[in-house]
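**Student:** Pasting in a structure now, in structure tokens, and then I'll have a few things to ask.
What follows is calculated from the coordinates using simple rules that are stated; it is not laboratory data. No experiment lies behind these values; they were computed from the predicted model shown. Backbone-built Cβ (ideal geometry, glycine too); neighbour counts: all protein chains shown.
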Amino acid sequence: MNTPKSRTGHLFVLEGIDGSGKTCVCEQLTEILRSENYDVVRLREPTHESQWGKEIREKSPGGELTPDEELELYTKDREWHITTKIQPALEEGKVVLMDRYFFASGAYQSTVLDLHWREILQINREELSAPEPDIVFILDVPAEIGLERATGRSGKANLQFEKLDRLIRVRRNYLEIAEHDISNVKLIDSLKPLQQVIYEIHKIIIDFINNSKSEPL
Ligand code: TMP
């Protein structure tokens, strides 16, 4: 696992299908942890900063990229993110909260490519030396609820059906990752009220940080 000695910070990742509530949870958790004097860096992928992140955000919604091009851009964007943001923050002892990370590539890109999520995670771990999170929280909601929360009920019926079909497969991948991946994954029921979800994740994070302080060097 990629946990170099120079890493004194903590890496917590929020994942889930579109409409799972992770962005809202991430924003509010950041505020709470900062009010408790934790030095928090909130990051999200795809980034808004690198040329690759910008290209994904511009072209992906309009379907201008092939699945192979998308995977390549997500990977390049992540490589940039690791080197310029994630690794330095961890070396400076910060608490890094990420809204999506390489688990998203595994869950999403494997639905449109002839690659298993396991292979995509392996590429990130081996070729990018992506730092391993301390905890990955997968916020779980049924695909129908996620789609409704993310897009409302509007839109053409056949397009909605395609999106639903994809989200069902993405959710299945996340559930498999929660069960079988080597990472420390906590599956969170995100149908619960938002404040309860935040309370649960906050408690797990604080307990983890406190326990790691008491571990012998
Ligand atoms: P967002 O809703 O969290 O802003 O993410 C935008 C979309 O990007 C979302 O539909 C999932 C997708 N995505 C991937 O397909 N692969 C990835 O590696 C990442 C980081 C995001």
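**Student:** Restricting attention to the alpha-carbon atoms of the stretch 94-217, what are Rg (one decimal) and Dmax (integer), both in Å?
**Tutor:** 16.5, 58
**Student:** Please work out how much length the chain gains when fully extended from residue 215 to residue 127, using 0.36 nm per residue of separation minus the C-alpha to C-alpha distance, in nm with one decimal.
**Tutor:** Taking 0.36 nm per residue and subtracting the Cα distance, the gain is 28.6 nm.
**Student:** Also: For a protection proxy built on the mean count of beta-carbon atoms within 10 angstrom, sort 204-214, 108-118 highest first, please.
**Tutor:** Taking the mean over residues of other Cβ atoms within 10 Å, the ranking is 108-118, 204-214.
**Student:** Can you work out the Karplus-derived ³J(HN,Hα) for every residue in the stretch 110-117? Use 6.51 cos²θ - 1.76 cosθ + 1.60 with θ = phi - 60°, whole Hz, and x for glycine or proline.
**Tutor:** 5, 7, 10, 10, 7, 9, 7, 4
**Student:** Could you list which residues have their amide H under 5 Å from that of residue 187, counting only those 5 or more apart in sequence or on another chain, with H placed in the peptide plane?
**Tutor:** Counting only residues 5 or more places away or on other chains, the set is 138.
**Student:** For the stretch 1-58, what percent of Cα pairs sit more than 18 Å apart?
**Tutor:** Every Cα pair in the stretch 1-58 considered, those over 18 Å come to 53 percent.
**Student:** Could you run the Karplus curve 6.51 cos²θ - 1.76 cosθ + 1.60 with θ = phi - 60° over the stretch 27-35 and give me ³J(HN,Hα) per residue in whole Hz, x for Gly and Pro?
**Tutor:** 4, 5, 5, 4, 4, 5, 5, 5, 5
**Student:** Name the GluC sites (Glu not before Pro) in the stretch 115-199 that are in a loop by DSSP and that have at most 14 other C-beta atoms within 10 Å, would you? Working shown, then result.
**Tutor:** Working: sites: 119, 126, 127, 144, 148, 162, 176, 179; in loops: none.
Answer by residue number: there is no such site.
**Student:** Return the single residue from 77, 39, 140 with maximal mean-square fluctuation; model: Gaussian network over the chain, springs between Cα atoms under 10 Å.
**Tutor:** Per the Cα network of the chain with a 10 Å cutoff, 39 tops the list.
**Student:** If you average 1/r over every pair of different alpha-carbon atoms in the stretch 4-210 and take one over that average, what Kirkwood value in Å do you get?
**Tutor:** By the Kirkwood definition, the hydrodynamic radius is 17.5 Å.
**Student:** Would you please give the residues with an amide H less than 5 Å from that of residue 16, counting only those at least 5 places away or on a separate chain, with H modeled from the backbone geometry?
**Tutor:** Here the answer is 139, since their amide H atoms fall under 5 Å of that of residue 16.
**Student:** Have a look at 93, 21, 106 and tell me which one the Gaussian network model of the chain (Cα, springs below 10 Å) gives the largest fluctuation.
**Tutor:** In the Gaussian network model the winner is 93.
**Student:** Relative to the first principal axis of the alpha-carbon coordinates of the chain, what is the inclination of helix 67-81, with its axis defined by its Cα atoms, in degrees from 0 to 90 and to the nearest 10?
**Tutor:** The helix 67-81 is inclined about 20 degrees to the chain.
**Student:** Tell me what the chain gives for mean residue ellipticity at 222 nm when only DSSP H runs of n ≥ 4 count, each as -39,500 (n - 2.57), the sum divided by the residue total, rounded to 500 deg cm²/dmol. Please list the in-between numbers first.
**Tutor:** On the way: 8 runs with 108 residues, N = 217.
Taken over the chain, the calculation gives -16000 deg cm²/dmol.
**Student:** What order do you get for 59-67, 81-89, 130-138 when each peptide is scored by the mean count of other beta carbon atoms within 10 Å, highest first?
**Tutor:** Highest to lowest by the protection proxy: 130-138, 81-89, 59-67.
**Student:** Test of understanding: what is the full-extension gain from residue 42 to residue 6, defined as 0.36 nm times their sequence separation minus their Cα-Cα distance?
**Tutor:** This chain segment gains 10.9 nm when fully extended.
**Student:** Additional query: Would you kindly derive the ³J(HN,Hα) couplings of the stretch 194-204 from the backbone phi angles with the Karplus curve 6.51 cos²θ - 1.76 cosθ + 1.60 (θ = phi - 60°), listing them in order in whole Hz, with x for Gly and Pro?
**Tutor:** Values, residue by residue: 3, 5, 5, 4, 5, 4, 4, 5, 4, 4, 5 Hz.
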